Amino acid sequence: MNRAFLNLITPFATAKQLEKLELSYELGSSTAAAAKLGIDRRGVDRAIEAVIKKATEEGALMDEPDNLKVLLLDIETAPMLGYFWRLWSEIRGIDQIERDWYMFSYAYKWLGNEEVYGKSLYECEKYGPYTAGSEDDRELTEDLWTLMNDADILVAHNGDNFDIKKIKARMLQHVMIPPAPYRTVDTLKILKREFGLTSNKLDYAARFLLGEKEGKLATGGLQLWKDCLAGVKAAWQHMLTYNKEDVSILEKVYLRVRAWDRSHPNVAVLSGSDERQCTVCGSHDVHIIEDKFAATNVSVFEAYRCHAPSCGHVMRGRKNQRSKEALRETVLNAR
């Protein structure tokens with residue numbers, strides 16, 4: 001924790017939390033602060049996390065390029081209905097499918113904006129009034145096409161393998177053209193690639209990173225999907241609320257893990273700036289890490305760190321620091 005970060009979050013701290021924050025900064029660790037206060041280290045950690053959470057919710061830690069559109073997205077789909085003869089067995093033939101899946105709802109928000117938007121199939125009217133069991137999700141698909149067409153980066157949890165592919169499948173079904181180019185960030189892939197969490201589900205990640213009360217909204221299980229299929233208004237309202245809550249959680253998890261993402265789309269390129277920027281958050285507060293280099297098996301580059309309070313991402317320069325002579329003399333491991 002640096003002084004700039006501390007100065008940003010202290011306005012959101014209570015008197016007791018502020019004492020823990022200041023001691024942690026002065027002594028260099030929460031363990032040392034806890035020892036001086038005579039309390040458990042977890043008490044200090046929880047105080048710091050609570051202040052960071054409050055500052056994040058108030059938008060104090062956001063440092064995003066104004067001209068970059070980052071879309072956080074989640075969809076819910078109807079279950080497939082079919083015939084089977086035993087538990088734990090997959091349907092083997094397409095003739096066993098009685099009714100295929102389709103979209104129930106979507107929810108989204110633009111990074112940096114407070115409002116979460118969404119729509120369920122129950123609300124759709126463009127192609128006729130909703131009827132129980134309706135599979136006509138064209139209106140939802142058209143909405144999503146517009147959103148994806150406008151986005152520079154699309155963030156979703158398991159989005160690369162589920163949400164985005166499912167949406168594109170419905171676009172194909174409805175004879176739509178592909179949206180304009182966008183890059184994707186899959187928070188599930190970041191968790192799997194970079195960390196060793198007990199579970200990589202969004203619900204667990206939210207609780208692990210943000211506290212026990214930050215988990216997903218309870219659905220009540222399969223009955224909610226059954227009630228939606230039956231056209232129960234309250235069920236559809238709950239489904240959309242659940243969908244929107246997932247997007248709110250997704251944003252918080254994304255902001256916590258993106259600095260660790262070594263494959264994140266280069267925000268500096270997408271924003272169109274000629275100045276040096278952080279590749280994940282777009283901040284211009286990027287500086288060389290003294291006496292440290294980023295090395296490949298052949299080349300060495302200057303290492304950089306983003307000093308934006310909510311980031312800290314590590315990057316490298318593009319100019320090789322080794323001479324042509326050194327490169328010529330470099331040998332590699334034999335395979």
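All of the numbers you see were taken from the coordinates with simple rules; none came from a lab. Everything numeric here is computed off the predicted structure, so don't read it as measured data. Cβ coordinates were reconstructed from backbone atoms using ideal geometry, including for glycine residues, and neighbour counts include every protein chain displayed.
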Taking GluC sites (Glu not before Pro) as exposed when in a DSSP loop with at most 13 other Cβ atoms inside 10 Å, the chain has its longest clean stretch at 136-274
For the chain, find the longest principal axis of its Cα atoms and tell me its angle to the long axis of helix 138-150, 0 to 90°, nearest 10. 20
Taking H as built 1.01 Å from N, whose amide H comes closer than 5 Å to the amide H of D74, not counting residues under 5 places away? A107
Where does the chain land at 222 nm, in deg cm²/dmol rounded to the nearest 500, when only DSSP H runs of n ≥ 4 count, each adding -39500 (n - 2.57), divided by all residues? -11500 deg cm²/dmol
Counting Lys +1, Arg +1, Asp -1, Glu -1, what net charge surrounds F104 among other residues with beta carbon under 9 Å of its beta carbon? -2
Distance between the range 257-335 and the range 134-208 - C-alpha centres, whole angstrom: 28
Which cross-chain or sequence-distant (5 or more) residues have an amide H under 5 Å from the amide H of Y304, H modelled 1.01 Å from N in plane? I289, M315, R316, G317
Scoring the range 3-57 by relative contact order with C-alpha pairs under 8 Å, at least six apart, yields a percentage of 37
Please order H157, H313 by the number of other Cβ within 10 Å, starting at the fewest. H313, H157
Of all alpha-carbon pairs in the range 106-152, indicate the percentage at a distance above 15 angstrom. 50
Equivalent-ellipsoid semi-axes (√(5λ), Cα gyration tensor) for the range 262-329, whole Å, largest first? 25, 13, 10
Which of K168/K201; K126/K252; K165/K226 exceed 30 Å between C-alpha atoms? The answer is K126/K252
Relative to the chain, whose Cα atoms define the longest principal axis, helix 164-173 and its Cα axis are tilted in degrees, nearest 10, by 30
Seen from all sides and averaged, what is the projected area of the convex hull of the Cα atoms in the chain, in nm²? 24.3
